[in-house]
Every structure is written in structure tokens, then in C-alpha cells.
Amino acid sequence: MGCEAHTQKPISFFEIGQKMRTGRWPGFEGLVSDPPALLEAQSGLIAPFTAAICLSASTMDWVHRDPFDRPILATAVAMGIPLITKDAGLCLVPRHEGRMLACARAAA
């Protein structure tokens with residue numbers, strides 16, 4: 001049985017860069033200098049980030065501490081793909097725009 005390609009949301013690259021710049025991921029800079037190129041080398045895909053996804057993310061009726069999680073969630077819903085995360089808070093949104101979110105907790 002084959003594995004589907006990993007799809008990464010573009011906003012995640014912004015968040016990775018922010019964490020590297022602010023020192024929240026010490027040592028990460030030396031491991032990966034170009035995350036999009038690494039994703040491509042691993043046959044991953046970059047998800048679309050459209051105006052509709054941005055609007056959807058901004059209008060969610062959901063209180064959550066990390067603003068970057070809104071577009072991540074909205075992208076998964078728009079694409080109809082599962083969201084794999086360590087953040088239990090992301091899995092607490094069972095429906096968005098009338099659609100169910102498939103969410104799986106990643107191992108810590």
C-alpha cells in the first residue's frame with residue numbers, strides 16, 4: 001500500500017522562519033537551510049494559499065492561542081485532507097464551513 005504525498009501549508013514556512021529567527025528552535029538553522037527545497041526533495045507538495053482560504057481562516061468562530069494555526073486548519077479543510085498535529089487544540093474544531101476536519105494527533 002502506497003503513501004500519499006505530504007502536503008505542507010505555505011504559512012508553515014513563515015512560522016518555521018519566525019521560530020528560527022527568534023531562537024525558539026536552537027540548532028535548527030544548521031539542519032535545514034531551505035525547508036521548501038527539503039519538502040520538494042522528499043516528494044512533498046506545497047498546498048495552495050488562496051484569498052478564500054485566508055478569509056475562511058479569519059472568520060473562524062474559534063478561540064486559539066496561535067494565529068498561524070487558523071490558515072493551517074482552513075487549508076486542510078479547503079483541500080479535504082487530514083491534519084496531523086501535536087496540538088490538541090487544532091483537533092477540537094470538528095466542523096468548519098459545514099465540513100468535517102480529519103485530524104490525527106502526532107506522536108510527541
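The values are calculated or read from the model by the stated rules, or taken from the named source; none is laboratory data. Here the structure is a predicted model, which is why all the values come from computation and not from measurement. Cβ: placed from backbone, ideal geometry, glycine included. Neighbour counts: every protein chain shown.
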- Task: Kindly establish whether residue 37 is without any contact (Cβ under 8 Å) to a residue 40 or more places away in the chain, among the small types (Gly, Ala, Ser) and not in a loop (DSSP other than H, G, I, E, B).
- Result: yes
- Do we find that residue 15 is over 23 Å from residue 89 (Cβ atoms) and either surrounded by 13 or more Cβ atoms within 10 Å (Cβ to Cβ) or at pLDDT below 85 (or both) in this structure? no
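For the subset of the range 28-37 comprising residues that are aliphatic (A, V, I, L, M) and surrounded by fewer than 13 Cβ atoms within 10 Å (Cβ to Cβ), which member is modelled with the lowest pLDDT?
Taking the range 28-37 and keeping what is aliphatic (A, V, I, L, M), we get 31-32, 37.
Now restrict to residues that are surrounded by fewer than 13 Cβ atoms within 10 Å (Cβ to Cβ): 31, 37.
Values: 31: 64, 37: 84.
Restricting to residues being aliphatic (A, V, I, L, M) and surrounded by fewer than 13 Cβ atoms within 10 Å (Cβ to Cβ), the top hit is 31.
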